[in-house]
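Read through the structure below, which is laid out as structure tokens, and then see the notes.
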Amino acid sequence: MKIVDAKVVVTSPGRNFVTLKITTDEGLTGLGDATLNGRELSVASYLQDHVIPLLIGTDPHRIEDTWQGLYRGAYWRRGPVTMAAIAAVDVALWDIKAKAAGLPLYQLLGGASRERVGTYGHASGTDIPELLDSVRARIAEGYPSIRIQTGVPGLKAVYGVHSTGHDGDAVAHQQARPMVEDWDTAAYMRHIPEVFEAVRNEFGPELPLLHDAHHRLTPIQAARVAKDLEPYRLFWLEDCTPAEDQEGLRLVRQHTTTPLAIGEVFNTVYDYQTLISEKLIDYVRSAVTHFGGVSPLKKLFDFAAQHQIKSGIHGPEDISPVGMAAAIHLDLAIHNFGIQEYSGYTQLTEEVFPHAYTFTNGYLHPGEAPGIGVELNEDLAAAHEYKAAYLPVNRLQDGTVHDW
Ligand code: KDG
Ligand code: MG
């Protein structure tokens, strides 16, 4: 079999998605997600200008060799643009291989290790009463576990407050320049234990709760927050410190038994070397889409498993249904699955990317369609053109740019 065509489709059914479609001489096609929120066109160009010309004429079955050729052959390694582009190729080739075998992808990854994939959904509110309503709504939708985020008294706009899983913030970000959010670490640190106290009082001790600090704390601040939240028995505290400082997590770990998750902005296993080998975290958060695809993520999970660390694949609305499907196949297959983040998509996005995977009462299943089980409605995709959109920038009260 040979690759005879490959193209990049950029579409915006409410938010921007970048999809690679590879076609073979036997008529099989494969899809890969290359969406990098706020930097979509750079990945599209990387694929279009530098990767697709190298793919034409090659054997789609040689996934590992193609991956290594793109990673090592470029000489310039790692980084989100490069790794999102390689991820799209990797997933599209796995899609083709699984279709050629007539099997759903999870069967090529070792088969099912479980019947269904547990998820967490997002609840948020500008204040605690609004958050409690949002938690109630997620429970009613069947989510077994819930991430909680709130506004902080005195701050105008805080990360995650409008991310309730129904893409509430996507259109707001469709601007030529990033929105500005504000931040005050001391105010957040005073407020967050009250939030957990209120949620535990209302919903009891059993509901698994997660929280995302979105890289905004120093190691000693993160240690304080993680310690203060211990009575509320979190499922995990996510991204408590800036992700690039692996040693910072050592200090946090020394002070707390709150489980820690990190890695949504990581691109390779090298970002995790210290974290995993020293058991400084409990969950790895990388997405198929930003980590170079199914091939390296499977290797990461196997490395993590040796240290009793589990998966928690990043699954926000800015991973397309193609990237989500690839994640669900991995979730079903690996032994050290932890949890899958899942927010769902707008109706229009579901129509652009019809898929075999299902979400039923808070649990996902990849379905039994050969390949990853996602199609691309190219006519509908073409009718919704790319719109510039940026993630926000975060500033302290005096105007200083802070981690977002
Ligand atoms: O594009 C950025 C989002 O994917 C990210 O902010 C979402 O932190 C996030 C999460 O945990 O889903
Ligand atoms: Mg996060």
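Return the sequence-ordered ³J(HN,Hα) values of segment 332-343 in whole Hz as given by the Karplus equation 6.51 cos²θ - 1.76 cosθ + 1.60 applied to θ = phi - 60°, using x for Gly and Pro.
Those phi angles translate into 6, 8, 6, 6, 8, 5, x, 6, 10, 6, 8, 10 Hz.
Which of V284, V195, V180 ends up with the largest GNM mean-square fluctuation for the chain, with Cα atoms connected below 10 Å?
V180
Report, to the nearest 10°, how far helix 219-228 tilts away from the longest principal axis of the Cα atoms in the chain, using its own Cα long axis and a range of 0 to 90°.
With both axes taken from Cα atoms, the answer is about 70 degrees.
Near K387, which aspartates and glutamates are there with a Cα under 13 Å away, not counting those fewer than 8 places off in the same chain?
The qualifying aspartates and glutamates are E40.
Once R0 is set to 22 Å, what does the formula 1/(1 + (r/R0)^6) return for the Cβ-Cβ distance between I56 and M1, expressed as a FRET efficiency to the nearest 0.05?
0.95
Between segment 251-315 and segment 82-107, what is the C-alpha centre distance in whole Å?
22 Å
Hey, what number do you get for the chain at 222 nm if only DSSP H runs of n ≥ 4 count, each worth -39500 (n - 2.57), divided across all residues, to the nearest 500?
Taken over the chain, the calculation gives -10000 deg cm²/dmol.
I need the trypsin sites (Lys or Arg not before Pro) found in segment 260-301, filtered to DSSP loop residues with at most 14 other beta carbons within 10 Å of theirs.
Those satisfying the criteria are K279.
Quick one: order D318, D133 from most to least accessible surface, probe 1.4 Å.
The ranking, largest first, comes out as D133, D318.
Over segment 3-104, what percent of the accessible surface lies on carbon and sulfur atoms, probe 1.4 Å?
Carbon-and-sulfur percentage of accessible area, whole number: 54.
Under a plain spin-label model, where a point goes 7 Å from the Cα along Cα-to-Cβ, how far apart in nm are D403 and T274?
Taking the simple label geometry, D403 and T274 are separated by 1.3 nm.
Report the GluC sites (Glu not before Pro) located in segment 1-100 that are in a DSSP loop and have at most 16 other Cβ atoms inside 10 Å of their Cβ, or state none.
E26
Could you state the accessible area per residue of the chain in Å², with a 1.4 Å probe and every protein chain left in place?
39 Å²
What is segment 3-104 by shape, rounded, prolate or oblate, if you read a ≥ b ≥ c off the alpha carbon gyration tensor as root eigenvalues and call it rounded for a/c under 1.5, prolate for a/b larger than b/c, and oblate otherwise?
Note, shape of segment 3-104 comes out oblate.
Among D239, D33, D184, which one shows the highest mean-square fluctuation when the chain is modelled as a Gaussian network with alpha-carbon springs under 10 Å?
In this elastic network of the chain, the residue with the biggest mean-square fluctuation among D239, D33, D184 is D184.
So which of K227/K279; K7/K298; K7/K97; K21/K97 end up more than 20 Å apart by C-alpha?
From the list (K227/K279; K7/K298; K7/K97; K21/K97), the Cα-Cα distance tops 20 Å for K7/K298.
Quick one: pull the percent of accessible area on segment 182-228 belonging to carbon and sulfur, 1.4 Å probe, ligands and nucleic acids left out.
Roughly 52 percent, rounded to a whole number.
Whole Å is fine, so just give me how far the alpha carbon centre of segment 345-404 lies from that of segment 1-71.
Going from one Cα centre to the other spans 18 Å.
Quick one: if you stick a label point 7 Å off each Cα along the C-beta vector at E351 and H335, how many nm between them?
It works out to 4.6 nm between the two label points.
The values are calculated or read from the model by the stated rules, or taken from the named source; none is laboratory data. Here the structure is a predicted model, which is why all the values come from computation and not from measurement. Cβ coordinates were reconstructed from backbone atoms using ideal geometry, including for glycine residues, and neighbour counts include every protein chain displayed. With ligands, DNA and RNA removed, areas are computed over all heavy atoms of the protein, side chains included. Shrake-Rupley method; radii C 1.70, N 1.55, O 1.52, S 1.80 Å.
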